[in-house]
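The values are calculated or read from the model by the stated rules, or taken from the named source; none is laboratory data. The structure displayed is predicted, hence computed values, not measured ones. Note: ideal-geometry Cβ built from the backbone for every residue, glycine included; neighbour counts use all protein chains shown.
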Amino acid sequence: MIPENKKKALVNFKKAQSSISKIIGMVEQDVYCVDIMQQNLAVLGLLKSAHQMLMENHLNMCFKNAMGSNDERKKREMTQEILKVTNLFNK
């Protein structure tokens, strides 16, 4: 069963995919640049929102489980994963 946050993220990914197809068509039709940029910003918003939903799900499930375990290696690895993804997101 897919968690609710992942379902919501999936909806955003599908909307972004559809919008990207629209953007490609706009570029091919030489639509006004600002109109293309506005659509692009909408896609970025959808992707950021999906990322946030996935992060929330990961922290509430996977990360929480790892931190509740007695496996110190698992805890360190999970923390490093979170830091890596956060650093990539902030670039």
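From the list A66, A9, the lone residue that is modelled with pLDDT of 95 or more and surrounded by 15 or more Cβ atoms within 10 Å (Cβ to Cβ) is A9. Looking at M53, M61, M78 in this structure, which one is surrounded by 12 or more Cβ atoms within 10 Å (Cβ to Cβ), closer than 24 Å to N90 by Cα and free of Cβ contacts under 8 Å to residues at least 40 places away in the same chain? Unique residue meeting the criteria: M78.
Among the conditions (1) within 20 Å of the chain's Cα centre (by Cα); (2) part of a helix (DSSP H, G or I); (3) over 23 Å from L88 (Cα atoms); (4) without any contact (Cβ under 8 Å) to a residue 24 or more places away in the chain, S19 misses just one, which is (4).
Condition first: basic (K, R) and under 22 Å from K84 (Cα atoms). Now tell me which residues in the range 1-58 satisfy that. Selection gives K6, K48. The helices (runs of 4 or more DSSP H) located wholly in the range 22-91 that include 1 or more residues which are of a type in the set (D, E) and more than 19 Å from the chain's Cα centre (by Cα) occupy 33-58, 72-89.
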